[in-house]
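Visitor: Supplied in structure tokens, the structure appears directly below.
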Amino acid sequence: MPDTAPSALPYLDFSDPGFSTRSDAVLDARAQSWCARTPYGIAVLRYRQVGKILRDRRFRQGSHNWPEAVGIEGSFAEFWKSSVIGREGAAHQKLRALAVPALSEDYVLSLKPAFDRIAEDLCASLREKTRCEFQSEFCEPFAGQAITTLLGMEREHWPEVAHDAADLGLAMGIEAKRHEARFNAACERLYRLADSLVQRVRAGKDQTSYVARMVAEFDRNGDCSHDELLNTIVISIFGGVDTTRALLGLGLSLFIDHPGQWQALRADASLIPAAIEEFIRARPTTTWATREALEDVEMDGQIIPRGTVVHLLVHASARDPEICEDPGFDITAKRRRHFGFGGGAHHCIGHFVARTDIASALAALRRTFKTVDYDGPPEWLPDSGNTGADRLPIRYELA
């Protein structure tokens, strides 16, 4: 995509595999201007402009063209463009109006005892030792078992669901093309799983799960296809597993780097909700939200031409000096609302699920680890697109 912003703006090379949305280059660019040029359009770096664009109807969801931007084709690309994320206007509103009631707060809160049990069972295993690889021994099984609970499946089926959801996440990075066969195969398997779960509901074998609630909403609407139903279930699996798995590892790494904050959490369980929000401000798993200009837009001295893709950098905006005097990690600080779950018409449908299951995980972990530290160097996915830990070896003192 050609540069669409004036050359006087700072430039950020999103195509560099080593690029980080938390880098000094981003902070320097934010000090110079509210936006910067990138190989994929422009990046928006400051809080006020990010919030403004998320609410501005002159911009549509920009992620629909991500497959074209990184040159990927096949099952995932078709799934993504047809999803509630990739649609706009009436088509988007229709799917959103069906999915939101199925994930009502009352329903999600009814699952909290199950989320608590999953976390406690995994922590029971952690208490039998003093070191582990946190991603594979806690984050992934917790996220996988939480989503199987939501889907009405037995918990032991979590590995196949979690691994396929993790593979879908490879499509969201700047090196997506090299993983194309892997995430396309995972996408096809998740579609088959969604279809089998819907058939189970229709056979009267599931009347209470999220899938059952989605089937009921789609049937009441009468204007949605079977493929739209399957697509919405798959996007829910993808978002649910990827967000929880990644954010737990990112969050624990922040506590390791700031041990005083871990002790504050251990002393006061009421800080759990604030800790989750601070994770997203300090180490977001989705590092940018994307919009596309539907017409030429003038904003704060810049013309954003029609068709320009605009990347709203979550970390840079949340740590903008205009609204954040202390950019450090502090779960006791009063902060402005972040945009880690997007905003406007495309605000994340599953945000309350993520906040609820991660809260259950933190509640169990704070009762398990008295202290926690790295047990070798972590291995991270690129700090752009969807990020998180590949490996997070830790050692800990039991509480």
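The values are calculated or read from the model by the stated rules, or taken from the named source; none is laboratory data. Just so it is clear, the model here is predicted, and its values are computed rather than measured. Quick reminder, even Gly has a Cβ in these numbers, built from the backbone with ideal geometry, and neighbours come from all protein chains shown.
Visitor: Please name all residue pairs, on different chains or six or more residues apart, with Cβ atoms under 8 Å, provided the first residue is in segment 233-257 and is touching a residue at least 12 places away in the same chain (Cβ under 8 Å) and the second residue is assigned to a helix (DSSP H, G or I) and among the basic types (Lys, Arg).
Guide: Going by the 8 Å Cβ cut-off, there are no qualifying pairs.
Visitor: Let me ask another. Within segment 214-241, work out how many residues are in a loop (DSSP other than H, G, I, E, B) and either of a type in the set (Ser, Thr, Tyr) or modelled with pLDDT of 95 or more (or both).
Guide: 1
Visitor: Collect the residues in segment 67-95 that are modelled with pLDDT of 80 or more and of a type in the set (A, V, I, L, M, F, W, C), keeping them in residue-number order.
Guide: Result: VAL70, ILE72, PHE76, ALA77, PHE79, TRP80.
Visitor: Having 3 or more residues that are buried (at least 17 other Cβ atoms within 10 Å of the Cβ) and of a type outside the set (Phe, Trp, Tyr) is the bar; report the strands (runs of 3 or more DSSP E) wholly within segment 17-94 that clear it.
Guide: So the answer is 35-38, 41-44.
Visitor: Take the conditions surrounded by 16 or more Cβ atoms within 10 Å (Cβ to Cβ), modelled with pLDDT under 90 and among the hydroxyl-bearing types (Ser, Thr, Tyr) and apply them to SER360. Does it pass?
Guide: Spelling it out, it is not the case that SER360 is surrounded by 16 or more Cβ atoms within 10 Å (Cβ to Cβ), modelled with pLDDT under 90 and among the hydroxyl-bearing types (Ser, Thr, Tyr).
Visitor: Moving on. Go through ALA114, ALA102 for me and flag whichever is under 25 Å from GLY152 (Cβ atoms) and crowded, with 19+ Cβ neighbours inside 10 Å.
Guide: ALA102
Residue by residue, here is whether (1) out of contact with any helix residue (DSSP H, G or I) (no Cβ under 6 Å at 6 or more places or on another chain); (2) among the aliphatic types (A, V, I, L, M); (3) in a helix (DSSP H, G or I) holds:
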| residue | (1), (2), (3) |
| --- | --- |
| ALA166 | yes, yes, yes |
| GLY169 | no, no, yes |
| ILE174 | yes, yes, no |
| ALA181 | yes, yes, yes |
| GLU188 | no, no, yes |
| ALA212 | no, yes, yes |
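Visitor: Right, next: Give the residues of segment 1-23 that are within 18 Å of PRO327 (Cα to Cα) and either modelled with pLDDT of 95 or more or touching a helix residue (DSSP H, G or I) at 6+ places or on another chain (Cβ under 8 Å) (or both), sorted by residue number.
Guide: Those that are within 18 Å of PRO327 (Cα to Cα) and either modelled with pLDDT of 95 or more or touching a helix residue (DSSP H, G or I) at 6+ places or on another chain (Cβ under 8 Å) (or both): SER20, THR21, ARG22.
Visitor: Determine which single condition GLY376 fails, assuming it passes every other condition in (1) small (Gly, Ala, Ser); (2) modelled with pLDDT under 95; (3) at positive phi.
Guide: That leaves (2) as the condition not met.
Visitor: In segment 139-164, how many residues are hydrophobic (A, V, I, L, M, F, W, C), out of contact with any Lys or Arg (no Cβ under 8 Å at 6 or more places or on another chain) and touching a residue at least 24 places away in the same chain (Cβ under 8 Å)?
Guide: The total comes to 6.
Visitor: Also, I was wondering about something else. Need the failing condition index for ALA97 against (1) crowded, with 19+ Cβ neighbours inside 10 Å; (2) not acidic (Asp, Glu); (3) not in a loop (DSSP other than H, G, I, E, B), just the number.
Guide: Result: ALA97 fails condition (1) only.
Visitor: Taking segment 247-265 on its own, how many of its residues are farther than 22 Å from PHE341 by Cα and either among the hydrophobic types (A, V, I, L, M, F, W, C) or surrounded by fewer than 18 Cβ atoms within 10 Å (Cβ to Cβ) (or both)?
Guide: The total comes to 9.
Visitor: Then there's this: Among what's in segment 363-385 and is surrounded by fewer than 18 Cβ atoms within 10 Å (Cβ to Cβ) and among the aromatic types (Phe, Trp, Tyr), pick the residue that is farthest from THR286 (Cα to Cα).
Guide: Taking the candidates together, the pick is TYR374.
Visitor: Would you point out the residue of segment 387-397, among those that are touching a strand residue (DSSP E or B) at 6+ places or on another chain (Cβ under 6 Å) and of a type outside the set (Phe, Trp, Tyr), that is surrounded by the most Cβ atoms within 10 Å (Cβ to Cβ)?
Guide: The selected residue is ILE394.
Visitor: Can you name every residue in segment 190-210 that is loosely packed, with under 15 Cβ neighbours inside 10 Å and assigned to a loop (DSSP other than H, G, I, E, B)?
Guide: Those that are loosely packed, with under 15 Cβ neighbours inside 10 Å and assigned to a loop (DSSP other than H, G, I, E, B): ALA203, GLY204, LYS205, GLN207, THR208.
Visitor: Among the residues of segment 104-122, count how many are in a helix (DSSP H, G or I) and either more than 13 Å from ALA364 (Cα to Cα) or modelled with pLDDT under 95 (or both).
Guide: Here the count works out to 6.
Visitor: Report, by residue number, each residue of segment 187-227 that is in contact (Cβ under 8 Å) with a residue 60 or more places away in the chain, hydroxyl-bearing (Ser, Thr, Tyr) and either in contact with a Cys (Cβ under 9 Å, 6 or more places away or on another chain) or over 20 Å from TRP80 (Cα atoms) (or both).
Guide: Hit for segment 187-227 is TYR210, nothing else.
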